[in-house]
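Trainee: What follows is a single structure, and I will ask about it in a moment.
The values are calculated or read from the model by the stated rules, or taken from the named source; none is laboratory data. None of these values were measured; they are calculated from a predicted model. FYI the Cβ positions are ideal-geometry reconstructions off the backbone, even for glycines, and counts take in every protein chain you see. Please note that ligands, DNA and RNA were not included when accessible areas were found on the heavy atoms of the full protein model with its side chains. Shrake-Rupley method; radii C 1.70, N 1.55, O 1.52, S 1.80 Å.
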Amino acid sequence: MLHRKHKQTIICMALVLCTLAVSGCDYFFGPAQEESVTEDAVLFSTFVQIQIHEWPQGTDPEKVISEAFTEMESTGSIVSVYDENSDINAVNRAAGESVAVSEETFYLLQKALEIAEMTGGAFDPTIGPVVDLWGFYTGEHRVPADDEIEEALARVDVNRIELDEDARTVRVPGDMRLDVEALAKGFAARAGAEHLVKSGITSALITSGQSSLKAVGDGPEGRAWRVGLLHPRAEQDVYAAVELRDGESLSTSGDYQRYFTEDGKRYAHILDPETGYPPRTMQSITVVTPDTVIADGLSTALFVLKPEEVLNRVEQMPDVSVAMMTAEGRVKYCSQMEGRIELVDD
Ligand code: AMP
Ligand code: MG
């Protein structure tokens with residue numbers, strides 16, 4: 001268990017990083033501020049941050065961060081449903097026809113199919129019509145009628161996405177709509193990390209959006225990065241600290257990041273492709289695994305499942321660690337998470 005004093009420290013970091021759902025907390029082992037460089041930006045409508053702690057002589061860390069931001073911006077916006085000019089929106093506009101897409105988009109769609117397979121369809125990149133119905137694209141939120149949900153769900157089916165690897169084209173049926181928003185932040189973090197590694201950076205942490213982190217190298221002085229997980233019902237508080245090592249990614253999905261309330265009920269932005277409704281079995285889930293896109297996709301998908309089912313599923317995934325805050329406010333984690341998580345004692 002962490003001591004109260006440490007808990008306060010993590011909270012301070014969480015505040016510094018604004019409203020981040022997951023906050024990088026290197027305070028415990030952090031070097032003096034002048035030995036590290038941290039930059040923030042808003043890219044593809046998302047708050048991002050890169051902190052670099054070690055760089056080769058002759059390298060300008062600020063320039064490397066600025067270049068990494070450029071990579072993240074182009075990668076994030078090419079797949080975002082919120083960017084009119086994205087590849088994903090081009091596929092959606094031309095639904096019914098094959099559309100040529102960039103290598104990055106094609107790769108991401110292949111990953112999306114992989115994650116759908118890994119999670120028995122809890123992840124569905126064709127969830128778009130349902131997300132739209134609940135007003136999450138426009139911000140005009142409402143609880144749809146049952147027949148509307150039924151109609152939208154008839155247009156959701158990951159198996160109907162056609163990927164042609166040779167031509168690098170994508171086709172979805174005319175009434176369908178892709179949404180890979182659940183992977184965009186992780187995908188952008190991956191691109192940023194690739195640039196940092198290419199530039200010889202040996203210790204850095206990327207935060208992408210409210211939820212995705214990527215470690216490049218270990219933390220300062222070769223120690224693990226420590227990340228505070230925000231409490232879903234007390235957002236300036238953390239409920240646990242999780243260790244991240246070189247190359248590992250962390251992603252959190254929850255019902256407190258984007259949601260609306262009606263008649264005292266909370267409706268969050270992650271939707272169950274079986275029912276068309278927001279699931280209610282947990283408040284948040286955090287996934288740690290090497291692949292940043294898999295981390296991002298799994299946190300979204302596993303949020304849909306029941307905590308016991310999540311634990312059973314990840315037993316077959318040795319590379320994946322999860323921690324959850326259940327709907328009842330209890331913390332559960334899998335055996336792979338033991339040794340890297342410390343619960344905050346309050
Ligand atoms: P994240 O914040 O990474 O958990 O992603 C949430 C976003 O993914 C939502 O805002 C939707 O655009 C999309 N989404 C919602 N439910 C699903 C689902 N079951 N499978 C795939 N994407 C989803
Ligand atoms: Mg996600």
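Conditions (1) within 16 Å of ligand 1 (Cβ to nearest atom); (2) without any contact (Cβ under 8 Å) to a residue 24 or more places away in the chain; (3) more than 22 Å from LEU213 (Cβ to Cβ), marked per residue:
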| position | (1), (2), (3) |
| --- | --- |
| ALA301 | yes, no, no |
| LYS306 | yes, no, yes |
| PRO318 | no, yes, no |
| MET324 | yes, no, no |
| VAL344 | no, no, no |
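Trainee: Follow-up. Which residue out of ASP175, ASP146 is free of Cβ contacts under 8 Å to residues at least 24 places away in the same chain, more than 16 Å from ligand 1 (Cβ to nearest atom), surrounded by fewer than 18 Cβ atoms within 10 Å (Cβ to Cβ) and over 26 Å from SER74 (Cα atoms)?
Mentor: ASP146
Trainee: A further question on this structure: Scan segment 248-271 and report the pairs whose first residue is closer than 17 Å to LEU133 by Cβ and whose second residue is aliphatic (A, V, I, L, M) and assigned to a strand (DSSP E or B), with Cβ atoms within less than 9 Å and a gap of 6+ or a chain change.
Mentor: So the pair list comes out as ARG258/ALA268; TYR259/ALA268; PHE260/ALA268.
Trainee: Next up: What is the one condition in (1) open to solvent by 60 Å² or more (accessible area, probe 1.4 Å); (2) touching a helix residue (DSSP H, G or I) at 6+ places or on another chain (Cβ under 6 Å); (3) charged (D, E, K, R); (4) within 30 Å of GLU39 (Cα to Cα) that GLU194 does not satisfy?
Mentor: Looking at each condition in turn, GLU194 falls short on (2).
Trainee: For segment 94-119, name all the residues that are within 16 Å of ligand 2 (Cβ to nearest atom), outside any loop (DSSP other than H, G, I, E, B) and either more than 21 Å from VAL314 (Cα to Cα) or open to solvent by less than 20 Å² (accessible area, probe 1.4 Å) (or both).
Mentor: Within segment 94-119, LEU108, LEU109, ALA112, ILE115, ALA116 meet the criteria.
Trainee: Okay, next question. Restricted to segment 49-91, and to residues that are open to solvent by 60 Å² or more (accessible area, probe 1.4 Å) and aromatic (Phe, Trp, Tyr), which residue is farthest from the chain's Cα centre (by Cα)?
Mentor: TRP55
Trainee: Answer yes or no as to whether MET1 is at pLDDT below 50 and touching an Asp or Glu at 6+ places or on another chain (Cβ under 7 Å).
Mentor: Judged against the criteria, MET1 is a match.
Trainee: For the condition farther than 17 Å from VAL99 by Cα and either at pLDDT below 95 or not polar (S, T, N, Q) (or both), what is the one hit in ALA152, ALA167?
Mentor: ALA152
Trainee: Give the number of residues within segment 326-342 that are free of Cβ contacts under 8 Å to residues at least 60 places away in the same chain, of a type outside the set (Ser, Thr, Tyr), under 15 Å from SER284 (Cα atoms) and open to solvent by less than 80 Å² (accessible area, probe 1.4 Å).
Mentor: Qualifying residue count for the region: 3.
Trainee: May I pose another question? Just to be sure, is VAL293 open to solvent by less than 20 Å² (accessible area, probe 1.4 Å), in contact with a helix residue (DSSP H, G or I) (Cβ under 6 Å, 6 or more places away or on another chain) and either among the charged types (D, E, K, R) or within 17 Å of LEU213 (Cα to Cα) (or both)?
Mentor: Spelling it out, VAL293 is indeed open to solvent by less than 20 Å² (accessible area, probe 1.4 Å), in contact with a helix residue (DSSP H, G or I) (Cβ under 6 Å, 6 or more places away or on another chain) and either among the charged types (D, E, K, R) or within 17 Å of LEU213 (Cα to Cα) (or both).
Trainee: Looking at (1) within 20 Å of GLY120 (Cβ to Cβ); (2) buried (at least 22 other Cβ atoms within 10 Å of the Cβ), which one does LYS306 not meet, given that it meets all the others?
Mentor: Exception for LYS306: condition (2).
Trainee: Within the group GLY247, GLY222, GLY200, which residue is away from ligand 1 (no atom under 13 Å from the Cβ), open to solvent by 10 Å² or more (accessible area, probe 1.4 Å) and modelled with pLDDT under 95?
Mentor: Result of the check over GLY247, GLY222, GLY200: GLY222.
Trainee: On to the next question. Do we find a residue being surrounded by fewer than 22 Cβ atoms within 10 Å (Cβ to Cβ), more than 22 Å from ILE115 (Cα to Cα), within 16 Å of ligand 1 (Cβ to nearest atom) and of a type in the set (Asp, Glu) anywhere in segment 266-286?
Mentor: no
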